[in-house]
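A short write-up of the structure that comes next.
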Amino acid sequence: MSDGTRQDGERDFVLGIDFGGTKVAVAAADRTGRVLRSLRLDTRAADGAAQAVERALRAAREMREALETEGGRCVAAGAVSPGVVHEDRIPFAPNVPGWEDLRLRHLTSEALELEVVACANDVKAGGLAEARWGALRDADPGIFLSLGTGIGAAVVVGGRVLGGAHGAAGEIGYLLRDASDTAGVASGRAPLEEYASGIGLARRGSSTLGEPATAAGLFASADARARALVADALDQLAVHVANLAITVDPARIAVGGGMMASAERVLPALERRLKEFVPFPPDLVPARYVQDSALRGALALALDATGGSRTPSTGAEPPA
């Protein structure tokens with residue numbers, strides 16, 4: 001006992017940071033995964049990577065200091081990002097200038113004065129959170145599908161997220177749409193993501209409509225051209241999700257990300273292809289953490305780095 005009234009570690013907490021293409025989210029959680037505090041910042045991608053990281057880490061440091069003033073103790077941090085997160089760089093993170101050159105774990109450890117820091121791809125972290133606390137609990141294999149600014153998938157096998165030989169498993173944004181594609185990752189292209197992601201839809205919608213467009217605006221539009229564009233993009237996605245399901249044979253697919261604000265259009269489009277083409281169609285469900293799976297995953301990474309959370313091994317949900 002540390003003070004005669006509570007167990008050692010009772011006030012321990014971890015920090016999680018989700019660096020996204022359009023927003024950065026920061027949170028603190030106790031050892032059960034219960035979120036204590038959270039905040040969001042605009043990434044301001046056009047201003048480059050350095051300022052986004054600096055502002056996010058400053059916010060995380062202030063959150064840490066506030067909780068420690070109240071008697072808490074920060075024991076670890078988790079940080080997640082688009083791209084393939086390596087120790088000294090983050091290749092294939094194209095949406096923020098300078099992001100590929102970041103040493104994310106080093107920067108986070110130095111700014112927060114923490115030795116225990118874990119970093120990973122944001123979609124893979126989201127898959128971890130969904131497998132531990134969310135819609136993929138007891139699904140083996142399971143797939144977390146993230147449809148937002150970008151497109152990605154996390155394959156969960158035996159409760160673990162598949163990393164791949166180079167940490168790039170599940171980077172389905174680089175899939176060829178069909179045999180007519182001649183430019184891919186070696187040429188700095190991501191065929192499926194450019195066509196059907198939030199950014200891809202916005203670019204194509206702006207060209208089609210002759211005015212600035214956003215993915216959300218296209219989903220909400222009554223314009224026949226916008227509706228056709230969205231329907232085609234969703235069907236392209238559905239084809240590749242069906243192929244992924246045929247390959248992996250998952251028990252369940254959980255879908256999250258910004259496009260799920262229009263789940264009433266997204267899920268039926270995916271379901272049609274899954275039911276027709278997959279020998280054993282998986283359950284298709286919304287993610288539990290539709291909009292903040294990556295942030296929850298960052299917290300899970302931090303908890304794992306300390307030796308695990310106090311969440312029961314049965315996978316019981318953490319308090320909200």
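A short reminder: the numbers here are calculations on the coordinates, not readings from a lab. Computed from a predicted structure; not experimentally measured. Please note: Cβ atoms are built from the backbone with ideal geometry, for glycine as well, and neighbour counts cover all protein chains shown.
Summary of values
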{"quantity": "DSSP-defined beta bridges in the chain - what % are antiparallel, rounded to 5", "calculated": "50 percent"}
{"quantity": "Dipole magnitude of the stretch 135-286 about its Cα centre (Cβ charges: Lys, Arg +1; Asp, Glu -1), debye to nearest 20", "calculated": "120 debye"}
{"quantity": "Separation of alpha-carbon centers, the stretch 119-145 and the stretch 45-72, rounded to whole Å", "calculated": "26 Å"}
{"quantity": "Burial ranking of peptide ranges 115-121, 275-281 (average Cβ count within 10 Å, highest at the top)", "calculated": "115-121, 275-281"}
{"quantity": "Three principal axis lengths of the stretch 135-286 [C-alpha, angstrom, descending]", "calculated": "48, 36, 24"}
{"quantity": "Extent along principal axes [Cα atoms of the chain; Å; largest to smallest]", "calculated": "67, 44, 39"}
{"quantity": "Likely footprinting exposure, His86, His240, His106, fewest C-beta neighbours within 10 Å first", "calculated": "His106, His86, His240"}
{"quantity": "Nearest 10 degrees, 0 to 90: helix 122-133 Cα axis against the chain principal axis", "calculated": "70 degrees"}
{"quantity": "Computed helical MRE - 222 nm, the chain, DSSP H runs ≥ 4 contributing -39500 (n - 2.57), nearest 500", "calculated": "-12000 deg cm²/dmol"}
{"quantity": "Pairwise FRET efficiency - Glu68 versus Asp101, Cβ, R0 = 30 Å, nearest 0.05", "calculated": "0.45"}
{"quantity": "Ratio Rg/Rh, restricted to the stretch 70-197 and using Cα atoms, in which Rh is the Kirkwood radius", "calculated": "1.02"}
{"quantity": "Acute angle (nearest 10 degrees) that the helix 49-69 long axis makes with the longest principal axis of the chain, alpha-carbon atoms", "calculated": "40 degrees"}
{"quantity": "Additional length obtainable on full extension of the chain from Arg40 to Ala168, 0.36 nm per residue less Cα span", "calculated": "43.4 nm"}
{"quantity": "Ordering of 45-51, 74-80 by packing [mean C-beta count within 10 Å, highest first]", "calculated": "74-80, 45-51"}
{"quantity": "Nearest-ten-degree value, helix 293-305 long axis tilted from longest Cα axis of the chain", "calculated": "40 degrees"}
{"quantity": "The stretch 1-122: C-alpha pair distances exceeding 20 Å, %", "calculated": "41 percent"}
{"quantity": "Estimated Rh, the stretch 7-79: Kirkwood, alpha-carbon pairs, angstrom", "calculated": "12.6 Å"}
{"quantity": "Förster radius 35 Å - calculated FRET efficiency between Glu54 and Arg227 (Cβ-Cβ, nearest 0.05)", "calculated": "0.25"}
{"quantity": "Cα→Cβ-extended label distance, 7 Å offset, between Thr182 and Asn243, nm", "calculated": "2.0 nm"}
{"quantity": "Farthest positive-ward along the chain dipole, Cα basis, beta-carbon charges - from Ser81, Ala251, Asn121", "calculated": "Ala251"}
{"quantity": "Karplus 3J(HN,Hα) series, Hz, for the stretch 207-215 with 6.51 cos²θ - 1.76 cosθ + 1.60 (x for Gly, Pro)", "calculated": "5, 5, 8, x, 7, x, 9, 10, 4"}
